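Only one structure is covered here, and it is reproduced in the block below.
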Amino acid sequence: MATREILHVDVDAFFASVEQMDNPELKGKPVIVGGSTGLRGVVSTASYEARRFGVHSAQPMTEARRLCPQGVFLKVRMDRYQEVSRRIHKILSSYTPKIEPISIDEAFLDVGGCQTLFGRSEDMAQAIKIRIKKEIGLTCSVGVAPNKFLAKIASEMRKPDGLVVVREDEKESFLVDLPVGEMWGVGKVTERKLQQMGLHTIGELRRLSLFQLKNIFGKLGVRVYHLCRGIDDRVIISKRETKSISSETTFLHDISPGELLERTLQGLSVEVASRLNNENLWARSIQLKIRFADFKTITRSSTYEEATNSPKLIWQRARELLDKKVDFSYGKVRLIGLVAFNISIYRQMDLFASEKTQRLRGAIKKIEKRYGGAAIRKGSIL
Ligand code: TTP
Ligand code: MG
C-alpha cells in the first residue's frame, strides 16, 4: 500500500475553551463545564488550568468542586459548541473532502494527494492550526502520520496546541515505549492480563506471535498484531450529513388513542433507532407527527442534550410526546409518524475515550520522567 498521510485534529479542552473564548474574563482561569443534565453531575471537560488541580472529564462534579473550589463552574451549552464545531468542520473541509469527524471536536483527514495544492502535510497541519486559531479563536492539537492509529496517538501527545509528526520509518520506534493500554482492543482487563505476562509496552507486545495474540484477543488478534507494529489500513470514511431519519404508518381504519397507537409508535421508535444504529448516527431531537381522520396534522417535538440511538430511549421520548403533548380532541388517528433529527455521527460523551486519554497522558509523563522526553520525541515535533 502506498504511504498515506493522515491528520488527526482535536480541539484543546473544547467546551471550556469555547467558554473562555466567549467570555475573555475566564481566560487563564480554571473553568469546569458539565453537570447540566441533572441526570449525572459529571464534568464534561475542564480547562487546562483546572486540570492542574486534578479535575478531568467524567469526574463527579462534587469531586471537582472539592479539588478546585476556586474554579468557575459552568453548564453545558451544547448548541453553541455544535455551532463552533460546524465552523471548524468547514475550515477542515476546505483542505480535503476526505474527512471523518469522530466527535464534536475531532476529525481524521486524509490529505494524501492534497500536498501539491497545500504543501507538505505538516505544513497543512500548521496551516489548519493557524486558521482555527485566527478564524475561530481556539487552539487544537494535530497528529500527522501514515495512518489513523498513529495520527490519533500523535495528536494527544503534545496537548495543548501540539503538532506531532510520525514518519513512515518512525512508525515502530514511535510506539515502542507506549503502554499496552494504548492499543485499540486493550481494555482494563486485558491490560492487566498483559502486564501480568510482563508485557507493559507496545514494543513488548511485538514479542508475541500471531498465534499467541489470537489466543489473547480472539478475532482482534490480527489487528493487534499489525497495530503494535504501527500498521493500520483503515480508511477515512467521510459521511454526507444526514438531516433526519423518519418512519410513519397509516392505519387501515382510523383508530382511537390506545394500545394499538402506542404499539405502532413503539414499532416506529425501534425502526428509527435501528436505522440510526446502522449508520452509526445519534439524534438529539425527535418529532411526533399525528394526522387525524379529518386530515388535520400536528407535529410535536422535543430536544435533549444527550443524543441517542437507543430504541428504548427513543421510545421513551416518543411516548412522552404522545402522552403529554398531543390533544386527542380532534378525533380518531389516521397516521402516526416519528422523525429523528439534530443528527450527529457522535455521541456527546465517550467516557471510555476519556479514560484512555487520561491514561495516555499519565503514561507520557512517566516516560518523559524516565527518559527526559527523548523517548517521545522519536516522532518529530514541530
Ligand atoms: P475531548 O476532545 O476528549 O476533550 P477536550 O477537548 O475537552 O480536551 P482535550 O482534547 O484537550 O484533551 O472531548 C471533546 C469535548 O467532548 C469536551 O470538551 C467535552 C465533551 N466530553 C464530554 O462531555 N464528556 C467526556 O467524558 C469527554 C471525554 C468529552
Ligand atoms: Mg478535544
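Within region 76-86, the presence of at least one residue that is modelled with pLDDT under 95, out of contact with any strand residue (DSSP E or B) (no Cβ under 6 Å at 6 or more places or on another chain) and not in a helix (DSSP H, G or I) is confirmed.
Within region 22-37, residues that are at pLDDT below 95 reach partners that are surrounded by 13 or more Cβ atoms within 10 Å (Cβ to Cβ) with beta carbons closer than 6 Å, at six or more positions or on different chains, in the pairs G34/V42; G34/V43; G34/S44; G35/G41; G35/M61; S36/K75; S36/V76; T37/E305.
Name the one entry in I91, I32 that is open to solvent by less than 20 Å² (accessible area, probe 1.4 Å), away from ligand 1 (no atom under 12 Å from the Cβ), of a type in the set (V, I, T) and under 21 Å from the mean Cα position of the chain (by Cα). Outline the logic, then answer.
Details: I32 fails: away from ligand 1 (no atom under 12 Å from the Cβ).
After ruling out the rest, the residue left standing is I91.
Does V111 count as within 15 Å of ligand 2 (Cβ to nearest atom) and within 30 Å of R167 (Cα to Cα)? Spell out how you get there, then give the answer.
On the way: within 15 Å of ligand 2 (Cβ to nearest atom): no; within 30 Å of R167 (Cα to Cα): yes.
Here the answer is no, as V111 does not meet what is asked.
Would you call Q20 more than 10 Å from ligand 1 (Cβ to nearest atom) and of a type in the set (S, T, N, Q)? So Q20 fits the description; yes. Being of a type in the set (G, A, S), within 15 Å of ligand 1 (Cβ to nearest atom) and either open to solvent by 20 Å² or more (accessible area, probe 1.4 Å) or modelled with pLDDT under 95 (or both) is a property that does not hold for S47.
Going through region 162-176 one residue at a time, which ones are within 26 Å of the chain's Cα centre (by Cα) and open to solvent by 30 Å² or more (accessible area, probe 1.4 Å)? Passing the criteria: R167, K171.
So for region 51-70 (the condition being hydrophobic (A, V, I, L, M, F, W, C), within 16 Å of ligand 2 (Cβ to nearest atom) and assigned to a strand (DSSP E or B)), does at least one residue qualify? Quick ask: steps written out before the conclusion?
First, the residues of region 51-70 that are hydrophobic (A, V, I, L, M, F, W, C): 53, 55, 58, 61, 64, 67-68.
Then keep just the ones that are within 16 Å of ligand 2 (Cβ to nearest atom); that gives 55, 58.
Now restrict to residues that are assigned to a strand (DSSP E or B): none.
Taking every residue of region 51-70 in turn, none turns out to be hydrophobic (A, V, I, L, M, F, W, C), within 16 Å of ligand 2 (Cβ to nearest atom) and assigned to a strand (DSSP E or B).
Just name the residue that is farthest from I343 (Cα to Cα) out of those in region 250-295 that are part of a strand (DSSP E or B) and touching a Gly at 6+ places or on another chain (Cβ under 7 Å). Selected residue: F292.
Looking only at residues of region 296-345 that are open to solvent by less than 50 Å² (accessible area, probe 1.4 Å) and part of a helix (DSSP H, G or I), we find that the one that is farthest from E100 (Cα to Cα) is L322.
The values are calculated or read from the model by the stated rules, or taken from the named source; none is laboratory data. Everything quoted here is computed from the prediction, not taken from an experiment. Cβ coordinates were reconstructed from backbone atoms using ideal geometry, including for glycine residues, and neighbour counts include every protein chain displayed. Ligands, DNA and RNA are excluded from the accessible area calculation, which covers all protein heavy atoms including side chains. Shrake-Rupley method; radii C 1.70, N 1.55, O 1.52, S 1.80 Å.
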